[in-house]
1. Measuring from label point to label point, each 7 Å out along Cα→Cβ, what is the S24 to S126 span in nm?
2. May I ask you to compute the full-extension gain from L116 to S156, defined as 0.36 nm times their residue separation minus their alpha-carbon distance, rounded to one decimal in nm?
3. Identify, among T28, N40, V133, the residue whose Cα sits farthest towards the positive end of the charge dipole of the chain, taking +1 on the Cβ of Lys and Arg and -1 on the Cβ of Asp and Glu, with the dipole about the Cα centre.
4. So I have (i) 0.95; (ii) 0.99; (iii) 1.06, and one of them is Rg/Rh (Cα atoms, Kirkwood Rh) calculated from this model. Which one is it?
5. Describe numerically, in nm with one decimal, the distance between label points set 7 Å from Cα along Cα→Cβ at S106 and at V37.
Amino acid sequence: MPATFEPIATTTLGSAASSITFSSIPATYTDLRIVLVGANSASGSNCYIRYNGTTGASTLYSYTHISGNGSAASSGRATDDNKILLNVTSTTSTTVPMMTTIDVFSYTAATNRTCLITWSGDENGSGTVERTVGLYRSTTAVTSILLANSGANWASGTTATLYGIKAA
């Protein structure tokens, strides 16, 4: 990684957990990157991100996604949602880890927060990639990030690392 990437925190799960949270994120960087490698405790679950402890009733999020698996492609979007999905059209595996990077741009600025999510995984021997652009419509700096599953847990051994990017 370039010298501008500084690790802030890493979580490696010793047992299955429904979520991973990075809190008390310092405001000393221009952007953030999360690298997530892991599997789920139940196949077919959707993974998502939320900022600053927003709840299920929040409508601060929107996202647009594209995906492909070598034989089919799809796209779609959601507006006024309560989360940004990390994997929109794909299912997740209980045995094969997925790789996700999440770039959060200008996370301390006084305008909306955008993110770029890159998800890659295996679906029973057939690879899938997805790209999602997300929007968090808040003027509050991002100070915590929740990575969670809908209806499943992150499997034991899942690792998430938060990096700060200086002068990006």
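Where a number appears in this text, it was derived from the coordinates with a stated rule and is not lab data. Every value quoted in this text rests on a predicted model; they were computed, and no experiment measured them. So basically every Cβ, Gly included, is an ideal-geometry build from the backbone, and we count neighbours across all protein chains shown.
1. 4.6 nm
2. 11.8 nm
3. So the residue furthest toward the plus end is T28.
4. (i)
5. Computed distance between label sites S106 and V37 equals 3.3 nm.
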